[in-house]
Amino acid sequence: MASFLNIRRIVDFAVLPLMNVAVALLISGLVVLFVGQNPLEAVGYLISGSLGSGEGIGFTLYFATSFLFTGLAVAVASHAGLFTIGAEGQAYLGGLGIALVCLSLDRFVPWYVTLVPAAAAGMLFGAAWAFIPAYLQAKRGSHLVITTIMFNFIASSIMIYVLVNLIKEPGSMAPQTRLFDKGGLVPKLGEILPVNIGTAPLNVSLFLAIAAAVFVWVLIWKTKLGFEIRSTGANPAAARNAGISYVKITIVCMLISGALAGLAGVNILMGDLGKLQLDFPAGIGLVGVAVALMGRGHPVGIAIASVLFGVLYQGGAEISFWMPNITRELIMLIQGLVILFAGALSLMFRKSVYSLVDLFRVSKPEV
Amino acid sequence: MRKYLMATVALMAMAASATAADFNPAIVYGTSGKFDKSFNEMAYTGAEKFKADTGSEYRDFEAQADSQAEQGIRNFASRGFSPVIVTNFGYKDQLAKVAKEFPDIDFVMLDDVVDLPNVRSVTFKEEQGSYVVGLIAALSSKSKAVGFIGGMDIPIIRKFGCGYAQGAAAGGATNIIRNMTGTTNSAFNDPVKGGEIAASQMGQGADVIFAAAGGTGIGVLQKVADTGKFAIGVDSNQNYMHPGVMLTSMVKRVDVAVYNALKDAKEGRFTGGVQSLGLAENGVDWALDENNRSLISPEVEAAAAKAKQEISAGTLEVHDYMSDDKCPL
């Protein structure tokens, strides 16, 4: 019986996601064919561009790092049955906290001194931004999906105001801060490890993201709080009967979620851009939703899904670079198809694959 | 003196062409994409026109995330593409970084300044053109209330708005209503919201509205046309869109800047340095053609011509928002 369950688990966590991605790529291939391009050539650029060189891998993992933060943010909330769309705005606001610390410390202390308060500020700002929708959901029953979407827009408004009126570099046309000094930049991985990633911005935030993944795994599956979170997610009424406070779980979960999203700015601002720039998250919060869905809320699954999306981002850029007729919109379509099949239609093949597996199991004793 | 200067310029041009890379142009657009009905699309229009006129192909890249912009610029530069044109002022640091790594490649920065010998920076004196259309708006307004609808509340749009307000005040406007459309990329591509804001401004008494909001402006102009008031277009000459309604357009020739950069590079005459294009250089202007001829009275035309002449000569100074990040109005 145990091995039977394990086979089904393998199907759930490995076979089905692979099938979904394959189907998505197959349909994308048809679309590419439809616009008169060679789909095999496109897949070639997708793979070689993202995984074929040290630099490509560096970019892929750099994007994956951001997605891992936002994916974990969405997953923590989802374990309590909360569907948050707010990682985008929380990452944006978190970036403000990180930038403020960097701008005040970067000229005086080395990066590892800046990193701790910067990350803390990012988490604080992100969590604070998640707190309001969480409170409204817990106490007032305002639907979290709606409020978090609205808070993304409010975050954009606040950030434009702050960037243009308060912290813009004087005389600069672009709404952005001055460049961080050395003390506000975390080292690229190529600078501290014997790896060649060329000019890719992959940086030490990767380890921070991995640590966050471990933290989420411990939190959800190894602590009392995690048990309460999962109980609330499975059946809020039963959890309340068991003495678990819905208000507390909702708010705590969203605070953790916002803090994780807020950390994404460490990767983007301190690791790459070296400044706070208008609209720097550019969709990572929404990719986070897809990544969390695809990874089934498990840190390992989310990590794999993040790398997959890193491949799609980096490989997608390579495709549109080398095949000018494949526009950015088409790349987004391919990404959308992956989300559709791996997220929304993720269980489409489950039944048939299960029966296929069962067939083998039934026939096995006869051999 | 003049001869000497010209000889120097000619020498410099020769020196530049001797070291210039082969003509193989590329454009890197911002995350809002080349069809954003705004800055990026103007650059696209110029490049397409050059392609149609000369048959010269070019490559382009639209960043999906800002982190890809530097990669895109470097990808082109490292493969010998030149000139590499960057349309988004948000990427000036990225451009500066790559331009230092590839001193033999020519770059073009639009709307902002990168101070390197192999970079041509093209900026526009939007405040000058906006001043003139503001003046025209106020002189043509019966209610002496004029409207301004911007895309996003960012410095470049404030620069438009500030120039417009100064011109309108000079023309006797007593009420200048200024609104922005949104806070995300879609702010420049939201015609429905543009129309709503236009309706609101007209409700407050405005009878001339200037839209500096990319694709959002299409909705503004349509709403104004439906109501029978006057509208002012932006970037390209939009007078043809609603003849009899379009008072004028504040043209800002990003497309011409791109076209000229490509032309200069193709002919080996590409030069770095800063080009700041105002009324005097025809980088910005107000549009007068058969579509709005009947709307511009001789007095208004004379006043606009006088303002243009005085600004070009430097006797009339229009405050530039970018000089101190402030607007006196």
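The values are calculated or read from the model by the stated rules, or taken from the named source; none is laboratory data. All values reported here derive from a predicted model rather than from experimental measurement. A quick note on method: Cβ atoms are made from the backbone with ideal geometry, for glycine too, and the neighbour counts reach across all protein chains shown. For the accessible areas, the whole protein counts, side chains as well, though only heavy atoms, and no ligand, DNA or RNA atoms are used. Shrake-Rupley method; radii C 1.70, N 1.55, O 1.52, S 1.80 Å.
This table checks each residue for (1) over 29 Å from A:LEU273 (Cα atoms); (2) at pLDDT 90 or above; (3) small (Gly, Ala, Ser).
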{"position": "B:MET1", "(1), (2), (3)": "yes, no, no"}
{"position": "B:VAL9", "(1), (2), (3)": "yes, no, no"}
{"position": "B:MET14", "(1), (2), (3)": "yes, no, no"}
{"position": "B:ALA18", "(1), (2), (3)": "yes, no, yes"}
{"position": "B:ASP22", "(1), (2), (3)": "yes, no, no"}
{"position": "B:GLY33", "(1), (2), (3)": "no, no, yes"}
{"position": "B:LYS37", "(1), (2), (3)": "no, no, no"}
{"position": "B:GLU41", "(1), (2), (3)": "no, no, no"}
{"position": "B:ALA47", "(1), (2), (3)": "no, yes, yes"}
Can you tell me which condition B:ASP285 does not meet? The list is (1) touching a residue at least 60 places away in the same chain (Cβ under 8 Å); (2) assigned to a helix (DSSP H, G or I), and all the others hold. (2)
Quick check on my filter: what residues within region B:34-85 are in a strand (DSSP E or B) and surrounded by fewer than 21 Cβ atoms within 10 Å (Cβ to Cβ)? B:ARG59
Quick one: in region A:32-45, which of the residues that are under 20 Å from A:GLN314 (Cβ atoms) and not in a loop (DSSP other than H, G, I, E, B) is most open to solvent (accessible area, probe 1.4 Å)? A:LEU40
All positions within region A:194-233 that are within 23 Å of the chain's Cα centre (by Cα) and open to solvent by 70 Å² or more (accessible area, probe 1.4 Å): A:PHE207, A:ILE210, A:VAL214, A:PHE215, A:TRP217, A:TRP221, A:LYS222, A:ARG230
Residue selected from region A:297-339 under the condition more than 14 Å from chain B (Cβ to nearest Cβ), modelled with pLDDT of 85 or more and open to solvent by 60 Å² or more (accessible area, probe 1.4 Å), by the criterion farthest from A:LEU16 (Cα to Cα): A:VAL300
Residue count, region B:167-195 (criterion: touching a helix residue (DSSP H, G or I) at 6+ places or on another chain (Cβ under 7 Å), in contact (Cβ under 8 Å) with a residue 40 or more places away in the chain and over 16 Å from B:PHE148 (Cα atoms)): 1
Considering only residues that are assigned to a helix (DSSP H, G or I) and farther than 22 Å from B:LEU247 by Cα, look in region B:172-196 and name the one that is nearest to the other protein chains (Cβ to nearest Cβ). B:ASN185
Tell me, which residue of region B:280-329 that is within 14 Å of another protein chain (Cβ to nearest Cβ) and hydrophobic (A, V, I, L, M, F, W, C) is least open to solvent (accessible area, probe 1.4 Å)? B:MET322
Within region A:276-296, which residues are outside any helix (DSSP H, G or I) and surrounded by fewer than 24 Cβ atoms within 10 Å (Cβ to Cβ)? A:GLN277, A:LEU278, A:ASP279, A:ALA282, A:GLY283, A:ARG296
Quick one: which residue in A:VAL11, A:VAL21, A:VAL74 is at pLDDT below 90, part of a helix (DSSP H, G or I) and open to solvent by less than 10 Å² (accessible area, probe 1.4 Å)? A:VAL11
Just for region B:136-171: of the residues that are in a helix (DSSP H, G or I) and open to solvent by 20 Å² or more (accessible area, probe 1.4 Å), which one is nearest to the other protein chains (Cβ to nearest Cβ)? B:ARG158
Select from region B:110-131 the residues that are more than 14 Å from chain A (Cβ to nearest Cβ) and open to solvent by less than 10 Å² (accessible area, probe 1.4 Å) and list them in ascending order. B:VAL119, B:ARG120, B:GLY129, B:SER130
For region B:298-329, which positions are under 25 Å from B:VAL245 (Cβ atoms) and either of a type in the set (A, V, I, L, M) or touching a residue at least 40 places away in the same chain (Cβ under 8 Å) (or both)? B:GLU299, B:VAL300, B:ALA302, B:ALA303, B:ALA304, B:ALA305, B:ALA307, B:LYS308
Of the listed residues (B:VAL318, B:VAL274), the one being touching a Phe, Trp or Tyr at 6+ places or on another chain (Cβ under 7 Å) and outside any helix (DSSP H, G or I) is B:VAL318
With respect to A:VAL109, is the statement that it is outside any helix (DSSP H, G or I) and either closer than 16 Å to A:GLY274 by Cα or in contact (Cβ under 8 Å) with a residue 24 or more places away in the chain (or both) true? yes
Quick check on my filter: what residues within region B:190-248 are hydroxyl-bearing (Ser, Thr, Tyr) and either modelled with pLDDT of 95 or more or buried (at least 24 other Cβ atoms within 10 Å of the Cβ) (or both)? B:SER200, B:THR216, B:THR248
Could you check how many residues of region A:256-292 are farther than 19 Å from A:ALA344 by Cα, more than 9 Å from chain B (Cβ to nearest Cβ) and among the hydrophobic types (A, V, I, L, M, F, W, C)? 10
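Results for (1) in contact with a Gly (Cβ under 6 Å, 6 or more places away or on another chain); (2) acidic (Asp, Glu); (3) within 14 Å of another protein chain (Cβ to nearest Cβ); (4) in contact (Cβ under 8 Å) with a residue 12 or more places away in the chain, shown as yes or no for each residue.
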{"position": "A:THR65", "(1), (2), (3), (4)": "no, no, yes, yes"}
{"position": "A:SER78", "(1), (2), (3), (4)": "yes, no, no, yes"}
{"position": "A:GLY86", "(1), (2), (3), (4)": "no, no, no, yes"}
{"position": "A:ALA118", "(1), (2), (3), (4)": "no, no, no, yes"}
{"position": "A:LEU144", "(1), (2), (3), (4)": "no, no, no, yes"}
If you go through region B:69-109 one residue at a time, how many are within 11 Å of chain A (Cβ to nearest Cβ) and under 21 Å from the mean Cα position of the chain (by Cα)? 7
With out of contact with any strand residue (DSSP E or B) (no Cβ under 9 Å at 6 or more places or on another chain) and at pLDDT 95 or above as the only criterion, which of A:GLU88, A:GLU41, A:GLU55 stands out? A:GLU88
For A:TYR354, indicate whether it is touching a helix residue (DSSP H, G or I) at 6+ places or on another chain (Cβ under 7 Å), crowded, with 23+ Cβ neighbours inside 10 Å and in contact (Cβ under 8 Å) with a residue 12 or more places away in the chain. no
Just a yes or no: is a residue in region B:242-252 in contact with a helix residue (DSSP H, G or I) (Cβ under 6 Å, 6 or more places away or on another chain), part of a helix (DSSP H, G or I) and closer than 22 Å to B:MET152 by Cβ? no
State all residues of region A:170-201 that are in a loop (DSSP other than H, G, I, E, B), within 13 Å of chain B (Cβ to nearest Cβ) and over 30 Å from B:SER186 (Cα atoms); if no residue qualifies, say none. A:LEU185, A:ILE197, A:GLY198, A:THR199
Of all residues in region A:155-169 being out of contact with any helix residue (DSSP H, G or I) (no Cβ under 8 Å at 6 or more places or on another chain) and facing chain B (nearest Cβ under 9 Å), which is nearest to A:ALA130 (Cα to Cα)? A:SER157
